[in-house]
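Take a look at the structure set out below.
The values are calculated or read from the model by the stated rules, or taken from the named source; none is laboratory data. Nothing here was measured: the structure is a model prediction, and the numbers come from that model. Using ideal geometry, Cβ is built from the backbone for each residue, glycine included, and neighbour counts are taken over all protein chains shown. Please note that ligands, DNA and RNA were not included when accessible areas were found on the heavy atoms of the full protein model with its side chains. Shrake-Rupley method; radii C 1.70, N 1.55, O 1.52, S 1.80 Å.
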Amino acid sequence: MTNSVFRRAAAVLVAAVLGGGAALTGASPAFATGCLTGTDSVPSPKGGPGATATATLCVNSAGYAWLDTNRTNTVTDQNGDGFAARVYVYWNQGYSGAIAVDDTSSSGSTRLYWESGAGTRFTWTEVFVCLGYSRPDDHNGRCASVVYNN
């Protein structure tokens with residue numbers, strides 16, 4: 001059994017124990033009611049395109065979050081401006097990442113992979129694309145929200 005399958009099974013078990021039998025359908029990632037796809041870009045501080053990311057984010061009723069690996073989840077650096085594209089996830093009142101980095105020295109896009117690994121009572125989860133070493137809480141215009149799920 002892979003780690004991701006094991007973690008998802010554990011989330012279902014915890015939800016069933018804590019929330020009763022009705023939680024079984026809502027807690028399973030296969031029956032997730034909260035999967036959303038988004039795309040956003042952030043411009044280069046030197047002008048022109050900077051970075052683009054696409055992500056499908058899922059959050060279940062137990063507060064377990066993940067990027068749907070059956071969908072496109074990528075980040076692309078579009079400009080050789082010296083600012084690499086990075087993706088962060090805001091989850092459980094803090095940031096994870098950078099979960100992926102892409103710069104123009106690589107061809108194409110870089111795939112995003114992320115799972116929260118555990119449930120939480122804080123179900124708000126958001127994916128950001130940023131340029132350089134900026135982080136979403138810097139508020140300097142070098143980050144954009146790709147998708148969020150609450």
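Computed quantities for the displayed model
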{"quantity": "Of the criteria (1) free of Cβ contacts under 8 Å to residues at least 60 places away in the same chain; (2) surrounded by fewer than 18 Cβ atoms within 10 Å (Cβ to Cβ); (3) farther than 24 Å from residue 48 by Cβ, which one residue 148 fails", "calculated": "(1)"}
{"quantity": "Residues of region 31-55 that turn out to be closer than 13 Å to residue 87 by Cβ and under 14 Å from the mean Cα position of the chain (by Cα), as a count", "calculated": "7"}
{"quantity": "Residues of region 80-102 satisfying the condition of being in a loop (DSSP other than H, G, I, E, B) and closer than 19 Å to residue 135 by Cα", "calculated": "81, 82, 83, 84, 92, 93"}
{"quantity": "Unmet criterion (only one of (1) open to solvent by less than 30 Å² (accessible area, probe 1.4 Å); (2) modelled with pLDDT under 90) for residue 106", "calculated": "(1)"}
{"quantity": "Residue selected from region 110-147 under the condition assigned to a strand (DSSP E or B) and small (Gly, Ala, Ser), by the criterion nearest to the chain's Cα centre (by Cα)", "calculated": "145"}
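Rundown of residues vs (1) within 21 Å of residue 150 (Cβ to Cβ); (2) at pLDDT 90 or above; (3) open to solvent by 60 Å² or more (accessible area, probe 1.4 Å); (4) touching a Leu at 6+ places or on another chain (Cβ under 9 Å), yes/no style:
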residue: 63; (1), (2), (3), (4): yes, yes, no, no
residue: 74; (1), (2), (3), (4): no, yes, no, yes
residue: 95; (1), (2), (3), (4): yes, yes, yes, no
residue: 98; (1), (2), (3), (4): no, yes, no, no
residue: 110; (1), (2), (3), (4): no, yes, no, no
residue: 121; (1), (2), (3), (4): yes, yes, yes, no
